[in-house]
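The values are calculated or read from the model by the stated rules, or taken from the named source; none is laboratory data. Worth saying up front: this structure is predicted, and the values here are computed from it rather than measured. Here the Cβ positions follow ideal geometry from the backbone for every residue, glycine too, while neighbour counts run over all protein chains shown. Side chains included, ligands, DNA and RNA excluded: accessible areas come from the protein's heavy atoms. Shrake-Rupley method; radii C 1.70, N 1.55, O 1.52, S 1.80 Å.
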Amino acid sequence: MQITKQRYYTPEEYLELEEVADYKSEYIDGQIIPMAGGTINHNRISLNLSAALNFAFRQQDYEVFMGDVRLWIPQKLTYTYPDVMILAGEPEFFNNRKDVILNPQIIVEVLSKSTKGYDREDKFQAYRAISTFQEYLLIDQTRIHVDQFSKTGKKQWALREYDEEDEAIALVTVPFEISLQDLYNKVNFEPVESEGESADVEQLG
């Protein structure tokens, strides 16, 4: 078996490469990892949530960013692109770069098959190193299911699950609520097939 030596990059090298790259990549402790391509469901969920947040916060001191803004976690030497971030007050920019922020209060990830384990474990652990981070939403794009983690104390987090269409998610740390019906509006779930038969695609909205 041939062993390939892993190339490690500095954070500065990563940012230079990212400026000219045709696709987005994350940076984790010296390694550059290309991000998986998004799906229509992923885009619809992110857009549904971001639009509702932006409208709700139009007269409030919160700001919403979608997946093109980088987050730098210096304690973990990690650059990542969360699907949605909510900030309270003014954004703190890293080295005066307007495309890299440091202070999200709430982070939202729409889960994909290839990244859902990473989003639940290693990425959540990295996010918890951020002093301003208070709340984490993990949204399944293949079924109605949302996990909501909210910080209750030092090294303490509470979990609430949502899995029914008539439920509404109320954020704990900011004044915002959205129904699962609106969150999953126009989302098409893949059919679940039994042996010898097929099912129709289910659409919400």
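Could you please give the count of residues in segment 134-146 that are among the charged types (D, E, K, R) and either open to solvent by 10 Å² or more (accessible area, probe 1.4 Å) or over 27 Å from Gln181 (Cβ atoms) (or both)? Walk me through how you get there before you give the answer.
Filtering segment 134-146 for residues among the charged types (D, E, K, R) gives 135, 140, 143.
Subsequent filtering for residues that are either open to solvent by 10 Å² or more (accessible area, probe 1.4 Å) or over 27 Å from Gln181 (Cβ atoms) (or both) retains 140, 143.
The number of residues fulfilling the criteria is 2.
Restricting to segment 63-121, what's the tally of residues that are of a type in the set (Phe, Trp, Tyr), touching a Lys or Arg at 6+ places or on another chain (Cβ under 7 Å) and outside any strand (DSSP E or B)?
Looking only at segment 63-121, we keep the residues that are of a type in the set (Phe, Trp, Tyr), and these are 65, 72, 79, 81, 93-94, 118.
If we keep only those that are touching a Lys or Arg at 6+ places or on another chain (Cβ under 7 Å) too, we end up with 79, 81.
Checking which are outside any strand (DSSP E or B) leaves us with 81.
Residues meeting the conditions: 1.
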Practice item. With respect to Ile45, determine if the residue is surrounded by 13 or more Cβ atoms within 10 Å (Cβ to Cβ), aliphatic (A, V, I, L, M) and within 25 Å of Asp122 (Cβ to Cβ). Key: yes
Check your understanding: Can you find a residue in segment 85-102 that is open to solvent by less than 20 Å² (accessible area, probe 1.4 Å), under 20 Å from Ala36 (Cβ atoms) and in contact with a helix residue (DSSP H, G or I) (Cβ under 8 Å, 6 or more places away or on another chain)?
Key -> no
Practice item. Assess whether Ile45 counts as being β-branched (Val, Ile, Thr) and either farther than 30 Å from Phe176 by Cα or modelled with pLDDT under 95 (or both). Key: no
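Hey, among the residues in segment 153-188 that are of a type in the set (Phe, Trp, Tyr) and farther than 21 Å from Ile130 by Cα, which one's surrounded by the most Cβ atoms within 10 Å (Cβ to Cβ)? Walk me through how you get there before you give the answer.
Restricting attention to segment 153-188, the residues satisfying the condition of being of a type in the set (Phe, Trp, Tyr) are 157, 162, 176, 184.
Remaining after also requiring farther than 21 Å from Ile130 by Cα: 162, 176, 184.
Details: Tyr162: 20, Phe176: 19, Tyr184: 24.
Result: Tyr184.
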Point to revise | Lone unmet requirement of (1) among the β-branched types (Val, Ile, Thr); (2) in contact (Cβ under 8 Å) with a residue 60 or more places away in the chain; (3) in contact with a Phe, Trp or Tyr (Cβ under 7 Å, 6 or more places away or on another chain) for Val146 | key: (2)
Review point. How many residues are open to solvent by 70 Å² or more (accessible area, probe 1.4 Å) and in a helix (DSSP H, G or I) when one looks only at segment 12-42?
Key: 6
Exercise for review: Of the numbered conditions (1) touching a residue at least 60 places away in the same chain (Cβ under 8 Å); (2) open to solvent by 40 Å² or more (accessible area, probe 1.4 Å); (3) under 17 Å from Phe176 (Cα atoms), Arg58 fails exactly one; give the number of that condition.
Suggested key: (1)
Review point. From the list Ser150, Ser131, which one is of a type outside the set (A, V, I, L, M), under 17 Å from the mean Cα position of the chain (by Cα) and either crowded, with 21+ Cβ neighbours inside 10 Å or not in a helix (DSSP H, G or I) (or both)?
Key: Ser150
